[in-house]
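Since the structure comes first, as structure tokens, the remarks are kept for the end.
The values are calculated or read from the model by the stated rules, or taken from the named source; none is laboratory data. Just so we're clear, the structure is a prediction, and the values are computed from it rather than from any experiment. Positions of Cβ are backbone-derived with ideal geometry, glycine not excepted, and every protein chain shown enters the neighbour counts. The protein model used for the area step is the full one, side chains on, heavy atoms only, and it has no ligands, DNA or RNA in it. Shrake-Rupley method; radii C 1.70, N 1.55, O 1.52, S 1.80 Å.
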Amino acid sequence: KEAKMALLLEDTPESTQLTNVSGEGPDGRIERIVLNPWLRFCWECYRSVLDILRNNAKLEPLYKETALRAFDFCQTYKRRTEFRRLCEMLRLHFSYLVKGLQSGSAADSNGYGVLLSECATQELQLSIRFRQLKTALDMTLWHDAFRSVDDINVIVRHCEEDPTPEVLRELNEYFCTLFWNASNLLFHAACTLEVVQIAIDMRSDDCPADDPEMRYLATRAYLAALCIPPPSTNDDGLGAEFGVEIEKNNRLATLLRMSTPSRDALIKAVLHPEVFSFVDPNVASLLECFESFHPLRLAKSSATVLNYVRENESYQQYHRALQSVRIVRLLQQLSTVYRTIRLENLRQMVGESSVPALRLKVAAQTDVHSEEAAASDTNLERLMVRYAAAGYCDVRFDHQQALVRFNQRALHSVDARTQLTAVSRNLQQVVERVQPELAQQRAERKAAVFRAAATAAEEEHARTLQRKAEIELRKEREEAQERRRRQHEEEARRAAAEEAARLKAEELARKQAEEEEAFRQLKAEQAQKLEDERVDPAAEMKERVEKVRIERERTDRKLRKMQQELQVLVRARRTREHPLLAAKLAAEVAADEEYYEKQRVEQEKKHRELHRRQLEEKKRLSALTVYRDQFVSSLLQKRKEQHAQALEKHAAQQNELRERLKALQEQLMDHKEERVDLQDEADAEEEEQAMQKKSGGADGWGDDASPPAAGSGKLWGANRTRGLPPADSGERKYDAEDRGVWSSNHDVSWGRPRDREDDRGAPPPSRGAGAAGDSGRRYIPPSQRR
């Protein structure tokens with residue numbers, strides 16, 4: 001293997017040619033040929049071994065050792081993808097254990113199955129997850145680190161016993177690193193405080209008070225709590241409660257098995273004597289500097305502590321965040337006192353010399369409370385703009401006057417509401433120091449009040465007894481009235497019950513009488529029916545008709561009576577309700593008029609206030625009219641110049657087009673004239689040929705005819721259609737692709753057009769006796785012409 005690598009690294013002509021052709025150097029070829037296959041083989045070995053050992057309880061130590069070696073392999077060779085696959089595989093193995101625990105089928109037939117309920121298995125899984133979390137933090141894989149935290153939480157939930165304090169402390173140390181790299185200062189402080197509390201619980205009684213480890217842990221928790229940004233000063237009252245921040249904090253608190261932390265609660269816990277007694281005295285005064293209201297002395301009072309934090313390597317990571325908190329507290333305190341402040345004075349208050357410089361590119365990419373600096377003017381302004389965007393202060397920059405303007409809404413904040421009370425309390429303390437006799441006079445007045453109270457104690461006691469007796473008497477009277485009222489109610493209830501029983505008995509008797517009457521009528525009807533069966537049918541029909549008529553009349557009378565009663569009832573009801581409806585309508589009209597008048601007044605007031613504000617805004621913005629007019633005039637001038645240039649360019653293009661059109665027209669006229677001249681010449685030639693034909697006879701030239709003279713001005717093209725040979729055939733030769741060639745003895749080859757291929761190669765037809773007897777001309781085929 002070493003020989004192979006040496007051969008690959010050797011600078012040979014072949015390696016040089018490979019580098020030039022493929023663009024891959026020797027290192028790249030070694031990585032592709034040697035390193036990558038070896039890494040792939042190692043990863044497959046680790047994966048296969050873990051899959052084989054996951055179900056055997058006897059081999060759990062080997063399973064743990066293999067997993068730890070796999071983590072070392074991923075960290076050593078920076079194999080991020082393999083690390084994620086390893087985490088997913090371990091997570092899958094643990095899910096199999098959970099399923100086996102729930103189904104009760106974890107142990108196999110040989111009794112070698114892994115049981116999650118065993119303490120050894122739980123400790124092994126926790127140790128593997130701790131190493132997984134540590135590896136994720138070392139490889140800066142924050143997402144996988146949070147998933148590892150979730151895995152640890154799942155394992156702890158399945159544990160029957162709580163983890164040991166050592167395990168919890170190690171876990172919270174990892175959490176501190178994770179949240180600090182994630183810029184989550186709130187949960188970073190909560191985890192550091194948890195570490196301190198666990199260390200205090202683990203601390204033995206004989207441990208010295210100045211233990212360096214306890215001092216480091218307590219001071220770190222103290223500084224981490226102070227690094228948390230102060231609450232926002234927004235007046236809208238929304239804050240993070242209606243956003244995703246509170247939901248994220250609750251989810252993280254549930255994941256870490258703690259209550260949702262807050263800045264005030266963490267500072268209060270840090271100030272507890274058990275924790276604060278171990279804090280380094282050099283930084284113990286930093287909280288008082290941040291929380292006390294001294295905006296002009298805040299930077300100077302905290303400079304010593306911040307320099308100590310910066311110079312101490314153990315606490316150096318909190319220096320930048322503490323500087324950010326100091327600047328935020330300074331801006332918030334200044335906004336409650338000042339409305340405007342010069343930018344130069346603000347830079348002096350911030351203390352630029354104590355803040356290291358930071359490049360603008362880095363400052364623009366960092367978070368609001370990450371490593372920031374304000375050494376330059378631009379950095380300080382960027383910092384203030386980000387704080388204003390985050391809601392920690394409300395400021396505006398006036399670069400024309402070099403001022404920083406605080407919004408007037410800051411004067412209505414919670415701190416400003418108690419500012420007068422604080423001023424009154426401080427003035428009272430000043431008065432007591434200037435005039436000490438006032439405290440003595442106040443003490444004498446207090447003693448006199450106590451003596452008067454002791455003197456009047458008996459009278460007050462007598463008045464109290466008398467008042468008690470009156471209260472008792474009043475209570476007896478009220479109880480007597482209550483008894484009488486209950487007695488009357490009982491009598492009324494008894495009378496109502498008796499009346500109901502009487503009415504029920506009467507109703508029962510009436511029903512019995514009606515039933516008896518109905519029974520008698522039924523018997524009478526049956527008897528009448530038996531008697532009617534012996535009566536004449538016509539008489540029976542007449543009697544039935546009479547009964548129907550009587551029944552109809554009785555029904556009509558009953559309906560008319562009911563109609564009259566209903567009409568009287570409706571008329572009486574409408575007569576009674578008419579004045580009530582009129583009064584109700586009048587009351588509604590009056591209420592509507594009052595409401596309308598009230599709304600009109602309020603609307604008019606609102607419109608007047610809106611008009612006043614708009615006038616003030618117009619007056620405030622009127623100062624920009626001069627700049628707007630200048631800008632508009634400069635813009636119009638520039639556009640006019642551009643328009644003039646565009647017009648000139650367009651005119652030049654139009655002139656050029658006109659010249660080109662004129663030249664084209666002249667060329668067209670010349671072309672037309674040439675065509676006319678050519679046509680005239682062709683017509684003249686045709687006329688001349690016609691005349692020659694008439695003079696030469698029907699056979700062309702005839703016996704004595706001869707070809708036209710060479711200087712006759714006749715064109716061969718004009719005579720070609722008639723088969724005329726060119727002049728001076730004895731001396732001139734005319735060559736063409738498909739035309740004849742004149743020989744020295746008047747030999748001619750008659751030419752034909754290219755499209756008449758059927759006649760090509762054949763002799764021309766005879767043209768009369770003269771043509772037949774002319775032995776001086778012979779035909780030359782086209783194949784022999786060249």
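The table below gives the values:
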| item | result |
| --- | --- |
| Of the trypsin sites (Lys or Arg not before Pro) in the stretch 249-296, those whose Cβ has at most 14 other Cβ within 10 Å and which sit in DSSP loop | Arg257 |
| Extension gain (nm, one decimal) between Phe397 and Tyr96, 0.36 nm per residue minus Cα-Cα | 102.2 nm |
| Principal axis dimensions, the stretch 244-311 - Cα atoms, whole angstrom, descending | 40, 29, 24 |
| Extended-chain gain in nm, criterion 0.36 nm per residue less alpha-carbon gap, Arg474 and Glu656 | 53.6 nm |
| Rounded FRET efficiency, nearest 0.05, which uses the C-beta distance separating Gln637 from Glu123 and R0 of 51 Å | 0.05 |
| Heavy-atom accessible area ranking, 1.4 Å probe, most first, across Cys191, Cys119 | Cys119, Cys191 |
| Met691 accessible area, assembled protein chains, probe 1.4 Å, Å² | 130 Å² |
| Summed side-chain charge close to Arg215 - residues other than Arg215 whose Cβ falls under 15 Å, Lys, Arg +1, Asp, Glu -1 | -4 |
| 19 Å cut-off, amide nitrogen to a point 7 angstrom out along Arg80 Cα→Cβ, residues in the stretch 127-162 | 132-149 |
| Simple spin-label estimate for Ala690 and Cys45 in nanometres, 7 Å along Cα-Cβ | 11.3 nm |
| Label-point separation, Tyr596 to Glu515 (7 Å along Cα→Cβ), nm | 6.9 nm |
| Heavy atoms of Met349: accessible area, 1.4 Å probe, square angstrom to 10 | 40 Å² |
| Residue list for the stretch 145-180, given a label point 7 angstrom along the Cα-to-Cβ vector of Met202 and an amide N cut-off under 18 Å | 162-178 |
| In nm, spacing of pseudo-spin labels at Leu610 and Glu491 (7 Å Cα→C-beta vector) | 6.9 nm |
